[in-house]
Amino acid sequence: MSEKHDDRKTYYESIIAQGYSRRDFMKFSAFIAAFMGVEYTMVGQIAKSLENTRRLPVIWEHFQECTCCSESFIRSDHPIVSDIILDKISLDYTLTLMAASGHQAEAAKQDTMKKHKGEYILCVEGSVPLGADGNYCCIAGKTAKESLIEAAEGAKAIIAWGSCASSGCVQAAKPNPTQATPIHKIIKNKPIIRVPGCPPIGEVMAGVIVHVVAFGRLPELDRFGRPKAFYAKRVHDSCYRRPYYDAGLFAESFDDQYAKEGYCLYKLGCKGPTTYNACGTIKWNNGVSYPIQSGHGCIGCSEDAFWDQGSFYKRLSTAPGFGDGTDADTIGKVGAGVLAAGIATHAIATNISKRKELDSRINRGIENEKNIDS
């Protein structure tokens with residue numbers, strides 16, 4: 001997996017060496033620019049940067065997690081995206097994917113930290129347990145905290161992959177027996193990009209890395225340290241069921257006819273109205289679907305402490321966009337009234353329109369007869 005860094009190829013050279021064409025490369029540049037949310041005019045800059053930039057050395061740590069972030073990344077929609085993790089970023093250390101193990105694996109990490117101090121990117125997957133002196137998670141004779149601090153010391157920047165590294169995730173659920181802790185609460189002197197989700201979308205992960213490569217800086221972040229390009233809008237705002245929410249039409253159970261017809265899942269606990277992520281626009285599995293489209297409400301996995309916010313199947317006490325104290329039942333009644341009024345208004349307007357058209361035809365017929373008689 002690792003190679004001598006003196007011979008590191010540029011991203012473009014490595015992509016071409018893998019058998020991709022120049023056309024594939026430009027398609028990838030446009031593809032990733034679209035996901036990053038930058039203007040089309042920036043595609044050229046992205047392509048130029050990938051042509052001239054040598055692959056970033058990357059150290060990828062795994063602590064308390066289930067490896068779903070890595071799984072998501074390597075199953076991205078675009079083939080070149082999935083290659084980024086396996087080859088294009090010069091991945092020097094990851095316990096999940098590297099061929100080496102034991103002393104060889106640790107030697108590769110130490111070599112990267114020494115030779116490329118201040119240059120490498122540290123990716124962290126998983127939370128760090130601080131309980132029991134850190135003994136809940138130990139790797140190569142060191143606690144997760146010790147490994148994190150050591151690797152972070154020479155890192156150019158840190159990317160916290162997934163909700164485990166970003167907020168602690170389910171390991172930090174009350175009563176949090178291992179004292180699972182997110183990365184930003186331990187490392188205070190390095191820029192940290194938080195990419196929450198359980199797991200985050202593969203294209204989102206690729207977009208974050210390509211942004212750092214193409215522009216030489218971190219993407220614009222929100223107040224929680226999340227990239228705005230992917231976490232600026234609520235899942236609710238891009239949901240195809242949103243029109244039903246606005247109309248007050250809700251599924252009453254996951255297996256009723258309304259759910260099958262696409263009615264809103266808000267009353268069944270969907271947290272889309274309070275969750276910021278790109279699920280509804282980028283989707284998963286080659287852009288095929290995402291949880292809501294598959295019939296299950298959003299559980300809010302990209303938000304802090306989502307595991308302690310009550311049942312995934314209990315709706316929020318108020319409905320965003322309808323004022324305080326308004327619940328889904330009230331919205332349903334109002335929505336049904338508005339819908340009925342709308343249907344009636346439409347019927348009246350249609351009848352008036354048809355009457356005008358009929359009168360017009362009669363008048364034209366009368367005029368034609370007059371012309372014939374004259």
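For the reader, a short list of remarks on this structure follows.
- Scanning segment 173-191 for residues that are crowded, with 23+ Cβ neighbours inside 10 Å and hydrophobic (A, V, I, L, M, F, W, C) yields Ala180, Ile183.
- Checked across segment 220-234, the condition of being within 25 Å of Val288 (Cα to Cα) and of a type in the set (A, V, I, L, M) holds for at least one residue.
- Matching residues, segment 244-265, being touching a strand residue (DSSP E or B) at 6+ places or on another chain (Cβ under 6 Å) and either of a type in the set (Ser, Thr, Tyr) or farther than 28 Å from Asp304 by Cα (or both): Tyr244, Tyr245, Tyr263
- Checking Val43 against (1) buried (at least 21 other Cβ atoms within 10 Å of the Cβ); (2) modelled with pLDDT of 85 or more, the condition it does not meet: (1)
- Any chance Ala108 is touching a strand residue (DSSP E or B) at 6+ places or on another chain (Cβ under 9 Å) and assigned to a helix (DSSP H, G or I): yes
- Criterion applied to Asp6, Asp92 was being modelled with pLDDT under 85, out of contact with any His (no Cβ under 9 Å at 6 or more places or on another chain) and closer than 26 Å to Ala151 by Cβ, and the one residue passing it is Asp6.
The values are calculated or read from the model by the stated rules, or taken from the named source; none is laboratory data. Keep in mind that this is a model prediction, so the values were computed, not measured. Ideal geometry is used to build each Cβ from the backbone, glycine not excepted, and the neighbour counts take in all protein chains shown.
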